[in-house]
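The values are calculated or read from the model by the stated rules, or taken from the named source; none is laboratory data. Only a predicted model underlies this, so the values are computations on that prediction, with no experimental measurement involved. Cβ placement follows ideal geometry from the backbone for every residue including glycine, while neighbour counts extend to all protein chains displayed.
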Amino acid sequence: MAKRDYYKILGIEKNAADEDIKRSYRRMAMRYHPDKNPGDKGAEEKFKEASEAYEVLRDPEKREIYDRYGHEGLSGTGFRGFSGFEDIFASFGDIFEDVFGFTGGTRRSRTAARPGADLRYDLKISFMEAVTGSEKDITIEKHENCKTCGGNGAAPGSAPETCPRCRGMGQVSQSSGFFSISTTCPDCRGEGSRIKNPCQSCLGSGRARTSKQTHIKIPAGIDSGSRLRLRGEGEEGKFGGQRGDLYVFIHVEPHEYFQRDGSDIYCQIPVSMIQAALGATLEIPTLQGEEKLKIPKGTQNGKILRLKGKGIPHLRGFGKGDQIIQLVVKIPTNLNKKQEELLREFARAGGEQLS
């Protein structure tokens, strides 16, 4: 089933501010949260749908990709939709504290391994590069672990300290009668540790923005909309987490002469009225260079001819498509006196009536 528009799910406009997005999601979370609707599958699905929409629209990078390319663009980055209740509670802890007074899940400690983010790169190539294949060096901006502190955010010679209030759990428990609830630790904000002496290179974030040149191979026959996945070329994970992937989306520029349909190419070849009537052999362009094409006698305007194997290589298989040629018979418009007399004589010989 096709996914609904994220903005419509949350009931907001496309230019909605971050606070509007958060406010709308908070309202829906209060209404459809499973704890408030036990056994109601419909409410659970609406909660999942709203959480997925909020997960995308609260993230500036994901929101930009979604606004430009929709759900398909997000899937190209590796995004798979609703990430599960545990991750939702952990990621949106502030929301659920506002709604219920507790997060409903256990936050990860600061040192837990976290995978790196997937990245997207849009690459424009020429028509002929798509036909023959190519190799490119592209420059990717990404976040890597800070080289100075090794990614822990603390200045060299120091280390993050376990939060004394939550003892590294990231949450503190409070008892009230028969109930015990957990809330995000206010001292470490759920990280489980604190940095007293932050690294000056990354200002305690543990991350640094860098540029990296990556070499990619573009296979022959690729087309617009195709994507290449480069495993491990995304952002570096934190605390030993796995690297993300890089997704390269291909955009092929149009050709001035050929048009493409799958592995076949199309073109139009003009022929004169005389060539169409008497037949001719013409030199025409193909992807491999000039090729002789025989025009049969009595060719009519719009006739289609096919050159087998002169198209584009099949991306997933052997062989090539065809070159499909449409003949366009040109009628002369500026005849000299001799040409006009000859045509009149030709018409009289055929019994044609002229004005």
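Just to confirm my filter: which helices (runs of 4 or more DSSP H) fall fully inside the stretch 1-80 and include at least 2 residues that are over 21 Å from the mean Cα position of the chain (by Cα) and in contact (Cβ under 8 Å) with a residue 24 or more places away in the chain?
Ranges flagged: 6-10, 18-32, 41-57.
Just give me the residues in the stretch 178-219 being among the hydrophobic types (A, V, I, L, M, F, W, C) and closer than 30 Å to TYR121 by Cα, in sequence order.
Scanning the stretch 178-219 gives CYS202, LEU203, ALA208, ILE216, ILE218.
Filter the stretch 313-355 down to residues that are polar (S, T, N, Q) and surrounded by 10 or more Cβ atoms within 10 Å (Cβ to Cβ) and give me whichever is modelled with the lowest pLDDT.
The extreme case among them is GLN339.
Any chance the stretch 169-190 includes a residue that's part of a strand (DSSP E or B) and modelled with pLDDT of 85 or more?
no
Do we have any residue at all in the stretch 169-178 that's surrounded by 19 or more Cβ atoms within 10 Å (Cβ to Cβ) and more than 30 Å from ARG260 (Cβ to Cβ)?
Keep residues of the stretch 169-178 that are surrounded by 19 or more Cβ atoms within 10 Å (Cβ to Cβ), which gives 170-171.
Still in the list and also more than 30 Å from ARG260 (Cβ to Cβ): 170-171.
Looking through the stretch 169-178, at least one residue is surrounded by 19 or more Cβ atoms within 10 Å (Cβ to Cβ) and more than 30 Å from ARG260 (Cβ to Cβ).
From (1) closer than 19 Å to ILE138 by Cα; (2) crowded, with 16+ Cβ neighbours inside 10 Å; (3) at pLDDT 90 or above, pick out the condition that doesn't hold for GLN275.
(1)
Is it true that some residue in the stretch 244-264 is among the aliphatic types (A, V, I, L, M) and closer than 30 Å to LEU343 by Cα?
No; the residues of the stretch 244-264 include none that is among the aliphatic types (A, V, I, L, M) and closer than 30 Å to LEU343 by Cα.
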